[in-house]
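Undergrad: Once you've had a glance at the structure underneath, I'll fire off some questions.
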Amino acid sequence: MAKRSRTYIWQFTIGLGFLSGLWTAIGIDPEEVLINLVGTTATGIFPDPLLRQLFIVLPLILLAISIRGAYKKGKVPGLASVLIAYVAGLSILVALWTSLLLLLAAIAIGYLATGRRLF
């Protein structure tokens, strides 16, 4: 149970939730920058409109896969922990201590979501 909880917390609560909120607060999205770079390079080598459309839709597909994975492993409390962690990352530049408390709450909810099925 501890390994599963630790993996969920690092992958989804901190990775998907907190870091996404932090990058949103800073104003950049590294995933979008990387996908645009690869997309521009790929369409320069192989100029196909379908390939460019794939790189436009790819961030949405990756987000849907991540949310599905978070739900599959943590159900509703797991998604709540990801959302709380996102808000914590989003507010870290404004209220540091509140953000850290929200992150701790998200980690606790993520731990409970994987260890004990509440819903």
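Derivation of every value follows stated rules applied to the coordinates shown; laboratory data play no part. Values in this document were obtained by computation on a predicted structure and should not be read as measured data. Cβ coordinates were reconstructed from backbone atoms using ideal geometry, including for glycine residues, and neighbour counts include every protein chain displayed.
Undergrad: If packing is taken as the mean number of other Cβ atoms within 10 Å per residue, what is the order of 49-61, 94-106, 16-28, highest first?
TA: 16-28, 94-106, 49-61
Undergrad: Then there is this: Which of the helices in the chain, when you take each full DSSP H run, stretch at least 30 Å along the axis at their Cα atoms and have an average Kyte-Doolittle score of -1.0 or higher?
TA: 49-90
Undergrad: If you don't mind, another one. Suppose each label sits 7 Å from its Cα in the direction of the beta carbon; what would the ALA42-LYS3 distance come out to in nanometres?
TA: A separation of 3.4 nm, rounded to one decimal place.
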